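Read the structure below first, then the notes.
FYI, it's all coordinate maths here, none of it is from the lab. From a predicted model like this one, the values you see are computed outputs, not experimental measurements. Cβ atoms come from the backbone with ideal geometry, glycine included; neighbour counts cover every protein chain shown.
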Amino acid sequence: MFGNYLGKGSCMNVGKILGAKEHDIISVEVGCTVLEVSKLLGERRIGAVPVMAKGKLAGIISERDVMRGLAIRGGAVLADKVDSLMTKSVFTCTKADTIQHLMTMMTERRIRHIPVVEKDKLVGMISIGDVVKVRMQETEQEAAALKDYIASA
């Protein structure tokens, strides 16, 4: 997906992206039902949410997970607990990780949301949309700098 667009000059990191986002961390507890998660995803217009157990990241559930559950079990899945559908083996990142690293991870692992964890504590969530937005801004800045350089020559 991003293979040809990994800029050599990209030095933006996750911490800077989180600084520009809302600071509310939306999450659910493992005891939550699939219906409750579905409502939260719809109301907040988000594609995934971390699942917590006793203050620790236990998994992540996405719209895709809910859709797969519905396809397999039908409407009955909505009464199930979220841990029946969530991904338990979660790929995470830290604030120090670069955008280039995230693009590679998201592409190779085919994931769209990555929880940000520092010292075993969930501190944020990065989506593919966040990454694309930053890369577009960097590309626009690079283009403007080249244009200014050419105009001054």
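Which one, VAL14, VAL77, VAL49, has the greatest fluctuation when you compute a Gaussian network model over the chain with C-alpha springs under 10 angstrom? Result: VAL77 has the largest fluctuation of those listed.
Span-like helix check, the chain: qualifying full DSSP H segments, with Cα axial length of 30 Å or more and mean Kyte-Doolittle of -1.0 or more, are 128-152.
Each of LYS121, LYS95 has some number of other Cβ atoms within 10 Å of its Cβ, and from fewest to most they run LYS121, LYS95.
Counting every other Cβ atom within 10 Å of each residue's Cβ, LYS88, LYS133 order from fewest to most as LYS88, LYS133.
Springs join every pair of Cα atoms under 10 Å in this Gaussian network model of the chain, and among ILE114, ILE61, ILE25 the largest mean-square fluctuation is at ILE25.
The distance between label points at GLU43 and ALA144 comes to 3.8 nm (points 7 Å beyond Cα on the Cα→Cβ vector).
The ranking of ARG109, ARG73 from fewest to most other beta carbons within 10 Å of each one's beta carbon is ARG109, ARG73. Note on Cα extents along the principal axes in Å: of the candidates (i) 67, 33, 27; (ii) 56, 37, 28; (iii) 90, 32, 25, the value calculated from this structure sits at (i).
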